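One structure is given here, and the rest of the page talks about it.
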Amino acid sequence: MKRLFYLAIILMPLTSFADDMKGKLSITPIVGLERVQKFQPTPYMKTRAIYGARLVYKFPISALEVEYTHAQDTNNDVATNTSYKDSEDKIRIGLRGESTFTSFSSVYLRGGAQYRKNEETKTVGTAASTKSDSSKVQPYIGTGLTIHVSQFFALTAEILATYTPTNEPNLKDYELQPSLGINIRF
């Protein structure tokens, strides 16, 4: 009997917390494209696929968002028989403001800070060397459109710009990331 009582005491706050989160938390799987700056073999811009997830917790006026994305690409320089494999993880934390556009759609603005970890493997012939670096915090801003299909399901389309200063004159000081998503609300 005591165990049942203790179990009830432990589960009551969790039930209350779950009821409080109903309609406030959404999870969006991310599959998209991003335009990134590459420095090997020469400085240039490249488009590559990304995947990840975004969690959004709504407050009365705004929302808190946390996002993780992963991207990987390979480049080959046939002139020097060198291949470059680039793997990048990004974590974004920021705020979001949303406005209802019609009864079934809304628009949003988002902004915050990004942390990036990059790992590059350079292979010349059969010899491979790996270089890893982490970025300083970089600001981002974006906008998007949400189409509400049902109470628990929505489609999203957005564009995101991240400030990435560079000293290379051939590269831009920002990266663009257009993406499409499916939003699942709990």
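The values are calculated or read from the model by the stated rules, or taken from the named source; none is laboratory data. Just so it is clear, the structure is predicted and the values come from calculations on it, not from any experiment. Heads up, the Cβs are rebuilt from the backbone with ideal geometry, glycines too, and the neighbour counts pull from every protein chain shown.
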Practice item. Answer yes if at least one residue in region 118-128 is in contact (Cβ under 8 Å) with a residue 40 or more places away in the chain, among the polar types (S, T, N, Q) and surrounded by fewer than 17 Cβ atoms within 10 Å (Cβ to Cβ), and no otherwise. Key: yes
Exercise for review: Answer yes or no: is there a residue in region 85-99 that is modelled with pLDDT of 85 or more, in a strand (DSSP E or B) and among the polar types (S, T, N, Q).
Suggested key: yes
Practice item. Would you check if there is a residue in region 115-128 being β-branched (Val, Ile, Thr), over 16 Å from GLN37 (Cβ atoms) and at pLDDT below 85? Key: yes
Revision key, fill the gap. Taking region 28-54 and the residues there that are over 30 Å from ASN76 (Cα atoms) and surrounded by 14 or more Cβ atoms within 10 Å (Cβ to Cβ), the one that is nearest to the chain's Cα centre (by Cα) would be ARG54
**Study point:** Elements of type strands (runs of 3 or more DSSP E) contained in region 123-167, each with 3 or more residues being among the polar types (S, T, N, Q) and on the phi < 0 side of the Ramachandran plot
**Key:** 127-134, 138-148
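Every residue, every condition in (1) among the aromatic types (Phe, Trp, Tyr); (2) in contact with an Asp or Glu (Cβ under 9 Å, 6 or more places away or on another chain), yes or no:
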position	(1), (2)
TYR44	yes, no
TYR51	yes, no
THR80	no, no
ILE91	no, yes
Exercise for review: Go through (1) touching a residue at least 24 places away in the same chain (Cβ under 8 Å); (2) β-branched (Val, Ile, Thr); (3) assigned to a strand (DSSP E or B) and name the single condition THR74 misses.
Suggested key: (1)
